[in-house]
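Read the structure below first, then the notes.
The values are calculated or read from the model by the stated rules, or taken from the named source; none is laboratory data. What you see is a predicted model, and the numbers here were worked out from it, not measured in a lab. For neighbour counting, all protein chains shown are included, and Cβ atoms are generated from backbone atoms with ideal geometry for every residue, glycine included. For accessibility, only protein heavy atoms count, side chains too; no ligands or nucleic acids. Shrake-Rupley method; radii C 1.70, N 1.55, O 1.52, S 1.80 Å.
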Amino acid sequence: MEKAINRQKVLLHHLNPSSSFRANESSSSLSASACLAGDSAAYHRTSAFGDDVVIVAAYRTALCKSKRGGFKDTHADDLLAPVLKAVIEKTNLNPSEVGDIVVGTVLAPGSQRATECRMAAFYAGFPETVPIRTVNRQCSSGLQAVADVAAAIKAGFYDIGIGAGLESMTANPMAWEGSVNPRAKMFEQAQNCLLPMGITSENVAHRFGVSRTTQDQAAVESHRRAAAATAAGRFKDEIVPVSTKIVDPKTGEEKSVTISVDDGIRPNASLADLGKLKPVFKRDGTTTAGNSSQVSDGAGAVLLMKRSIAMKKGLPILGVFRTFAAVGVDPAVMGIGPAAAIPPAVKAAGLELDDIDLFEINEAFASQFVYCRNKLGLDPEKINVNGGAMAIGHPLGATGARCVATLLHEMKRRGKDCRFGVISMCIGTGMGAAAVFERGDSVDELRNARKVEANLFLSKDAK
């Protein structure tokens, strides 16, 4: 705002009459003031510049194959602690300043996982005064945690918070506990909430005509991009190495290891190889283990704060949290969620789909990923440029936080050519979620949202 007022003063200096014509200067002189349209009417504004919610750090563990990967013998709290510790240590932030930690997590029993998260915070060096809680919105839980923290900061509950995600699908496989209410049979949509996710993938493929070949092609491309990103070291800035152990199932021998690379990526994946895989959920179906997301273990954490606090602390800003949207869709085709969630999130940011430079859309299944891409008419070269869940993995509660780290670090690498990014995923039982982020160094006090190309009025009331 100060810069805007200074600009007004320069302008008014030229507009004021010269000294020889200032007989009535005291009553007629112009003065600089804060314009109701914001620092510049050429940009849509939703908040004061210093009140922006920004991300100053975003890290994740490597993602490893459930039950047979690098984290098969690692406790869930030992997955979360390293990323919580990383966002504090790498920013030199006093952990006691954190107002809350919110962890997205899906499969573990609620009270047990909440306790494990509290334990992880202590492992990471947080004092007892810093609270922690969990949130569960199925596959969007990690993104929901980030959105919850951003909303709390906006509301003034605290100035600094951590949104995180955690899942050990080794320790907590997908399963229904207890009996199902017979009443569900009376409501088709309620009954469809119980459909196996793979069946919903088959429904999407059948209803919207997504062929097996198209799905396999998407999977091959996901592995190719992820392998290229790994080889080029593009994940190194976001992955926190985790020191842990692996137990030999035959001998019981423990081996100390440090895990720092996603272990589900198949660099040599080919259409021929994927074409040999049999459908998993329907005999005549098209969804296979090869064109579905991998069952994985992992964690991620995102450190958010008010921009004014980040600037005061001299912390580099990785990104700006702009908007979030969660929507409901037909549970029978839950995978279409991103196609429904992305448009309102983008619109709320004052943007169009063409304004988005990068997308991270969770590849729960190739069928739904391809459908959403085609439905929205997105450029494939903008989506999952470093591969997606079919190659990297999908630890349910951690995926959203993982995507934030992947997206923002990639946007940082691309610099001025990449200003806005979107993260989205489908959600079991029929929902979708999406969030819009802006690259941190693309913003200053006079332009912290999309530029308006016409009608650059000096007042928001001008017509």
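Of the residues contained in region 383-391, one or more are found to be of a type in the set (A, V, I, L, M, F, W, C) and under 30 Å from A190 (Cα atoms).
Is it true that some residue in region 157-179 is farther than 17 Å from T115 by Cα, part of a helix (DSSP H, G or I) and in contact (Cβ under 8 Å) with a residue 40 or more places away in the chain? No; the residues of region 157-179 include none that is farther than 17 Å from T115 by Cα, part of a helix (DSSP H, G or I) and in contact (Cβ under 8 Å) with a residue 40 or more places away in the chain. Within region 139-175, which residues are open to solvent by 60 Å² or more (accessible area, probe 1.4 Å) and in contact with a Gly (Cβ under 9 Å, 6 or more places away or on another chain)? Within region 139-175, F157, D159 meet the criteria.
Matching residues to (1) surrounded by 15 or more Cβ atoms within 10 Å (Cβ to Cβ); (2) at pLDDT 95 or above; (3) more than 20 Å from G397 (Cα to Cα); (4) hydrophobic (A, V, I, L, M, F, W, C):
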residue: I88; (1), (2), (3), (4): yes, yes, yes, yes
residue: L93; (1), (2), (3), (4): yes, yes, yes, yes
residue: D100; (1), (2), (3), (4): yes, yes, no, no
residue: S111; (1), (2), (3), (4): no, no, no, no
residue: E116; (1), (2), (3), (4): yes, yes, no, no
residue: A121; (1), (2), (3), (4): yes, yes, no, yes
residue: A124; (1), (2), (3), (4): yes, yes, no, yes
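Against the condition farther than 23 Å from F365 by Cα and either open to solvent by 10 Å² or more (accessible area, probe 1.4 Å) or not aliphatic (A, V, I, L, M) (or both), how does K313 come out, does it pass? Show your work before the answer.
Details: farther than 23 Å from F365 by Cα: yes; either open to solvent by 10 Å² or more (accessible area, probe 1.4 Å) or not aliphatic (A, V, I, L, M) (or both): yes.
Yes: the conditions hold for K313.
Criterion applied to A339, A325, A301, A332 was being over 13 Å from the mean Cα position of the chain (by Cα) and either within 30 Å of A155 (Cα to Cα) or open to solvent by 30 Å² or more (accessible area, probe 1.4 Å) (or both), and the one residue passing it is A339. Scanning region 222-258 for residues that are farther than 23 Å from T170 by Cα and either open to solvent by 60 Å² or more (accessible area, probe 1.4 Å) or aromatic (F, W, Y) (or both) yields R224, A231, A232, R234, F235, K236, D237. Just name the residue that is most open to solvent (accessible area, probe 1.4 Å) out of those in region 365-419 that are touching a residue at least 12 places away in the same chain (Cβ under 8 Å) and among the acidic types (D, E). The selected residue is D417.
When L30 is tested against the conditions (1) in contact with a strand residue (DSSP E or B) (Cβ under 9 Å, 6 or more places away or on another chain); (2) modelled with pLDDT under 50, the lone failure is (1). All conditions in (1) on the phi < 0 side of the Ramachandran plot; (2) open to solvent by less than 60 Å² (accessible area, probe 1.4 Å); (3) within 29 Å of the chain's Cα centre (by Cα) hold for V261, with the sole exception of (2).
For region 277-284, the criterion of a residue being in contact with a Cys (Cβ under 7 Å, 6 or more places away or on another chain) and buried (at least 16 other Cβ atoms within 10 Å of the Cβ) is satisfied by no position. Among the residues of region 342-364, write down those that are open to solvent by less than 10 Å² (accessible area, probe 1.4 Å) and part of a helix (DSSP H, G or I). The answer is I342, A345, V346.
Residue by residue, here is whether (1) within 13 Å of S260 (Cβ to Cβ); (2) of a type in the set (D, E, K, R); (3) more than 20 Å from the chain's Cα centre (by Cα) holds:
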position: V210; (1), (2), (3): no, no, yes
position: Q217; (1), (2), (3): no, no, yes
position: E221; (1), (2), (3): no, yes, yes
position: A226; (1), (2), (3): no, no, no
position: G233; (1), (2), (3): yes, no, yes
position: E238; (1), (2), (3): yes, yes, no
position: V242; (1), (2), (3): yes, no, yes
position: V247; (1), (2), (3): no, no, yes
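Counting only residues that are of a type in the set (A, V, I, L, M, F, W, C) and open to solvent by 80 Å² or more (accessible area, probe 1.4 Å), region 176-200 holds 3 of them. Only a single criterion out of (1) part of a loop (DSSP other than H, G, I, E, B); (2) more than 30 Å from G314 (Cβ to Cβ); (3) open to solvent by less than 20 Å² (accessible area, probe 1.4 Å) is not satisfied by V130, namely (2). Residues in region 59-85 that are out of contact with any helix residue (DSSP H, G or I) (no Cβ under 9 Å at 6 or more places or on another chain) and buried (at least 22 other Cβ atoms within 10 Å of the Cβ): A62, C64, S66, G69, G70, T74.
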